[in-house]
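Heads up, the thing below is written out as C-alpha cells.
Every number in this text was worked out from the coordinates using simple rules, so none of it is lab data. Please read all numbers here as calculations on a predicted model, not as lab measurements. Here the Cβ positions follow ideal geometry from the backbone for every residue, glycine too, while neighbour counts run over all protein chains shown.
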Amino acid sequence: MNKRTFLDPLFRSSPVPVLALGICSALAVTVKLEPALVMALAVTLVTGFSELLLSLIRNTIPNRIRIIVQLMVVATLVILVDQVLKAFAWEISKQLSVFVGLIITNCIIMGRIEAFALNNKPLPAFMDGIANGLGYGIVLVVVAVVRELLGSGTLMGYRIVPEHWYVSQGGFYENNGLFILPPMALILVGLLVWIYNAKQAKSVW
Amino acid sequence: MKLRNLIQFPDKLMRKMAPAFRKGGPLSFLHSTFEAFEAFLLVPDRVTDKGSHIRDANDLKRVMIVVVIALVPSLLFGMFNTGWQYYTALGTTTAQVGFFQIFWYGFLKVLPLLVVSYVTGLGIEFAIAQIRGHQVNEGYLVTGMLIPLIVPVTIPLWMLALAVAFSVLIGKEIFGGTGMNIWNPALLARAFLFFAYPGYMTGESIWIDGSSGATPLALLTGGTAPLEHLSSLAVPLEQLTEHASIWTRMASHFHIGVVPELPSWTDLFIGLVPGSVGETSVICILLGAAILIFTGVASWKIMLSCASGAFLMSLAGGIPFHYHLVMGGFAFGCVFMATDPVTSAQTETGKWIFGFLIGVMTVIVRLFNPGYPEGMMLAILLMNTFAPLIDHIVVAVHVKRRMKRIAAHG
C-alpha cells in the first residue's frame, strides 16, 4: 500500500477544494463546530467502510448494476450512522437533520467508490475512504471554526469572545450575522480553494 | 515668482525622488505607490510615443473626479441633514442654533465615515497593487465616497472598515481589480453591513444621531413599522397578510391619516428626513444626475428605464409612484449605483432592460417583502449579476436578426 494513498486526499487532492466534491454539505453543516465534527466523523466512517465492503465484492458485482449495489451498501451504512446518532446524540442529530440522510448523495462517497474502490484491494480502498473523509473533515472544521467564532462568538458552544465586549454589555463588539448565512460559507470555501490552488501551483512550478 | 516656486515645489520634489523608485533604485519595491501619488498629484511626464493609441483628455481619473463632484451636493446636504435631525430630535429650533452650528455638527459626524472609508479602501488598494506590481488606479475614489453616503450616520467605524475591506478584497480585487468586478463595490459593502449587522442598518434606533425614529420608507413598507399602527387600524386580523397590511396602512395614511410621522412628498423631495447620509435629498441627487448626464459619464437610459420600471410595478398597488421615487435609496441608487459603467449592461439595448428590471425589482421587494424595507440595494446587486447575460442575449438577438436579413437577401 502506498503512503500517498492516505496522504494525498488530506491535502493535495482534498475532496472539497480540489476535487470540488461534497461542497453542498460543507455549506450546510458548518454554522457550528460541533455538528461539523460529527458530520466529518460520519462521512469518514461511511466512506471508509463502504469502500472496504465494495472493494471486497468488487469482482462479483455485475458491471451493469454496480451503481445500485453501491447505493445499497452506502444507504445501509448511512442508516446505521443515523440510528446511532439518534440514539446517543439526539441534539446533534436534530441539528444535522436531513444532512445525515443526504450523506448517501455526497459526491465524495460515490466518486471515490467509482474511481478507487472498484479497482483496488480492500485495505488500500479502506484507507482511501478514511483519508477522503478526513480531507473533507479538515475543510469542514476550518470553515466551521471561522463561522462559529465570528458568527456566534463561541467554539463548540463555549464562549470565546468575552461577554463584556458586546454592545449590549457596554462594549463595542457585535457578532457578524453574515457568517451564519450560507453565502459566507461559500466565500470561505472559495478562499480555501484559492489557498489550495496557490500551494498546488507552487509545488508544480 | 514666489507663488510659482510654491506651485512647482511638489513637481520638483517628485522628480528629485523619482530615480530612487525606478527599476534598480533603492526604493524600487515601492514603485506602484510612488506612481500612484505621482499620477494623483501631477500629470505624468511620460506619454505613449508610438503605436496607434487614441489620445483623449477623458481618462479614468477625470471620469472618477466627475462622479465625485456630482456626489458633493449629496454629501454636503447629508452633513447638514445629520445635524438638522440631531437638533430637531433634541427639540431645538433652527433659530436657536444657526445654520453653521447644524452643519458643523453633521460635518464632524460624517467626516470620520469618509476618512475610514478612504483610508481602509485605499490602503488595501495600494497594498494589493504593490503585491501584484500593478499601478494603483483611481477606481476607489468614487467607491470610497459612495460608501459613507449609503450607510446610517450612526454606524460604528470598525464595522464600516470591515465592510470596506470585504468589498474591496472579495468584491473587487479577487476578480482582478477596477473594471473587472461583477458587483458594485459600494453596494457590496452596504450588503455586507446589512446582512452582517442588521441591527445597525435598519430599524428605528439608528438613523438619527442621539435619538431614534424610523425612516419614512420603513414606516410605509412595514419593514420595521411599529405594531401599534397595525392594531390601531382595527382591520380584521385575517386581512393582515403582509400585502393587506401595506394597503391598509397606505389607505390610513392617505385618507384617514393614522400614521402621523410620515413626512409629506415635498419633505421627502427636499430631504430633511431621517435616512442614510446621502440618500435623503432628491434635489441634490438630481443636481448630481444633471452633472453626470451633461458630462456623459453616466447613462441617462438606465436612469430613465429604472424610473419607468418602478412606475409600471407601482401600478400593482401599495405605495404611489411619486413616493417610490423620493423615498429611501431609490433616487440615489438609480443615479449613482445602477449607472456604474463597470457593473451595468454595456450594450445600449441592454441598458434599457437592465434599468427597467432594477426599477421593477425594487418595487417588488418594497411591496411584497416586509423583511426588507429597501429593495434598491438588492435589486441593483441582482441585476449586476445578470448584466453580462443581458448583454449576451442582446448581442445574440442582434446577430440572429442580421443573419436573417442576409439570408432573406440571398
Three-way shape call for region A:117-175 based on the alpha-carbon gyration tensor, with the a/c threshold at 1.5:
prolate
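Using 1/(1 + (r/R0)^6) with R0 = 41 angstrom and r between the beta carbons of B:Arg402 and A:Ile195, what's the FRET efficiency to the nearest 0.05? Working shown, then result.
Values: r = 47 Å, r/R0 = 1.14.
The calculated FRET efficiency here is 0.30.
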Under 19 Å from the Cα of A:Lys32, which lysines turn up, not counting those fewer than eight places away in the same chain?
A:Lys86, A:Lys94
Top of A:Pro183, A:Pro35, A:Pro124 by mean-square fluctuation, Gaussian network on chain A, Cα under 10 Å:
A:Pro183
At R0 = 51 Å the Cβ-Cβ FRET efficiency linking B:Val68 and A:Ile61, nearest 0.05, sits at 0.15
Between region B:59-99 and region A:72-134, what's the alpha-carbon centroid distance in Å?
60
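Specify whether the C-alpha gyration tensor of region B:284-353 places it in the rounded, prolate or oblate class, a ≥ b ≥ c being the square roots of the eigenvalues: rounded for a/c under 1.5, otherwise prolate if a/b is larger than b/c and oblate if not. Provide the component values of the computation, followed by the final result.
Details: a/c = 2.43, a/b = 1.42, b/c = 1.70.
Verdict is oblate for region B:284-353.
If you take the alpha carbon radius of gyration of region B:135-204 and divide it by 2.2 N^0.38 Å, what ratio comes out, to two decimals? Spell out each step's value before the answer.
On the way: Rg = 12.1 Å, N = 70, 2.2 N^0.38 = 11.1 Å.
That ratio works out to 1.09.
If we count every other residue with Cβ under 12 angstrom of B:Phe21's Cβ, Lys/Arg +1 and Asp/Glu -1, where does the sum land?
+2
Just checking the output field for B:192-198: average partner chain Cβ neighbours within 10 Å of each residue's Cβ? Before the final figure, lay out the partial values.
Values: counts 3, 3, 2, 8, 11, 6, 2.
Going residue by residue through B:192-198 and averaging, the value is 5.
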Helix-derived [θ] at 222 nm for the protein assembly as shown: sum -39500 (n - 2.57) over DSSP H runs of at least 4, divide by residue count, nearest 500?
-20500 deg cm²/dmol
Summing +1 for each Lys or Arg and -1 for each Asp or Glu, what net charge is found among the other residues whose Cβ lies under 14 Å from the Cβ of A:Leu181?
+1
Distance check, please: which entries in B:Lys109/B:Lys172; A:Lys3/A:Lys199; A:Lys199/B:Lys172; B:Lys172/B:Lys400 exceed 31 angstrom between their Cα atoms?
B:Lys172/B:Lys400
Is there a simple number for the mean count of other chain Cβ atoms within 10 Å of the Cβ of residues in B:158-169, and what is it?
1
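Just to confirm a number: summing +1 for Lys and Arg and -1 for Asp and Glu over residues other than A:Ala117 whose beta-carbon lies under 9 angstrom from that of A:Ala117, what do you get? Numbers along the way, then the final one.
Working: positive: A:Arg58, A:Arg112; negative: A:Glu51, A:Glu114, A:Asp128.
Local charge sum for A:Ala117: -1.
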